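**Student:** The structure that follows is given in the form of structure tokens.
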Amino acid sequence: MTAGRGRAVPRSIAEVLDASLSARPHATAIEAASGAWSYAELDNRARRAAGALWSLGVRPGDRVAACLPNDLDIVAAFHGTQRIGAVWAGVGEALAAGEQRELYELCEPTVVLAGPRCRLGSPDCVDPDRWSRLVASAEPAPRVEPALDAPAGIAFTSGTSGHPKAVVHSQRNLLLPGAALVATRDWGPELRKGDSFPLTILNLMVLSTLLTAQAGGCSVVMD
């Protein structure tokens, strides 16, 4: 299957930026409240985020939780997580402290990227100032190439019980919706897709940066 206009579906999320990096590295990949990044800049920030996570002890298969606002950093952290074969889990900023704790206990993260509305207060929380320093000084991490069916992200669903359950999605699961939409709607580099729902919801990562990257377009992240 192709992702439209002759683009092959990436073999992993770690490769989702590669086609645009080759063809249009200076095209805008993402716009958000704090600025805009080209594909080359997003790739650089993702690489640095991967190095920062690696320095914190995150290894393939470990969980990285993020309780962050919709902005550039959460997108870079998501891509960085995928580049070292770790598993992404979002924790909603709007949740009450007990609700955030419940998600935390379900995914058992190695690291929590904690924004200003994170109420966890656990020792593995990394606040924005520390995260910025780690990203700025990060050494390159080994790039891991996970299998298409390897775990990539955790979504939370309450079903009929009212209590969240963790649902693990593979690399393939997260890439396929964007590939299908880009192919069937013939989207390409002209695509500008805006999203205002929280990117801590896994489906929103799937339908924002993973979708627009497969089209070579721009993700407009609103908070």
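What follows is calculated from the coordinates using simple rules that are stated; it is not laboratory data. As the structure is a prediction and not an experimental result, all values here were calculated from the model. Note: ideal-geometry Cβ built from the backbone for every residue, glycine included; neighbour counts use all protein chains shown.
**Student:** Need pairs with beta-carbon distance below 8 Å; first residue among the polar types (S, T, N, Q) and within segment 51-70, second buried (at least 23 other Cβ atoms within 10 Å of the Cβ) and part of a loop (DSSP other than H, G, I, E, B); sequence gap 6+ or separate chains.
**Tutor:** ASN70/LEU199
**Student:** Continuing with the same structure: Name the pairs whose Cβ atoms lie under 6 Å apart, with the first residue in segment 198-209 and farther than 7 Å from GLY90 by Cβ, the second small (Gly, Ala, Ser), and 6 or more positions between them or separate chains?
**Tutor:** PRO198/GLY92; SER208/SER219; THR209/SER219
**Student:** Within segment 157-184, take every residue that is in contact with a helix residue (DSSP H, G or I) (Cβ under 9 Å, 6 or more places away or on another chain) and not in a helix (DSSP H, G or I) and give me the one that is farthest from GLY85 (Cα to Cα).
**Tutor:** In this case the residue turns out to be HIS163.
**Student:** Scan segment 150-190 for residues that are surrounded by fewer than 12 Cβ atoms within 10 Å (Cβ to Cβ) and either under 26 Å from ASN44 (Cα atoms) or hydrophobic (A, V, I, L, M, F, W, C) (or both) and jot them down.
**Tutor:** Hit for segment 150-190 is GLU190, nothing else.
**Student:** Next question, about the same structure. State yes or no: is GLU102 in a loop (DSSP other than H, G, I, E, B), acidic (Asp, Glu), touching a residue at least 40 places away in the same chain (Cβ under 8 Å) and surrounded by fewer than 19 Cβ atoms within 10 Å (Cβ to Cβ)? I'd like the intermediate steps shown before the answer.
**Tutor:** On the way: in a loop (DSSP other than H, G, I, E, B): no; acidic (Asp, Glu): yes; touching a residue at least 40 places away in the same chain (Cβ under 8 Å): yes; surrounded by fewer than 19 Cβ atoms within 10 Å (Cβ to Cβ): yes.
No; evaluated as a whole, the condition is false for this residue.
**Student:** Mind listing whichever residues of segment 92-108 are among the small types (Gly, Ala, Ser) and closer than 14 Å to PRO69 by Cα? Spell out the reasoning first.
**Tutor:** So in segment 92-108, the residues among the small types (Gly, Ala, Ser) come out as 92, 94, 96-98.
Selection gives GLY92, ALA94.
**Student:** I'm checking my understanding of the structure. Among residues of segment 130-149 that are under 15 Å from GLY61 (Cβ atoms) and touching a residue at least 24 places away in the same chain (Cβ under 8 Å), which one is surrounded by the most Cβ atoms within 10 Å (Cβ to Cβ)? If you could, list the steps in order and put the result at the bottom.
**Tutor:** Pass one, segment 130-149, residues under 15 Å from GLY61 (Cβ atoms): 141-142, 144-147, 149.
Now drop any that are not touching a residue at least 24 places away in the same chain (Cβ under 8 Å), which leaves 141-142, 144-147.
Values: ALA141: 20, PRO142: 12, VAL144: 18, GLU145: 12, PRO146: 22, ALA147: 12.
Residue satisfying both the conditions and the ranking: PRO146.
**Student:** A further question on this structure: Scan (1) part of a loop (DSSP other than H, G, I, E, B); (2) within 19 Å of LEU204 (Cβ to Cβ) for the single condition PRO116 breaks and write down its number.
**Tutor:** (2)
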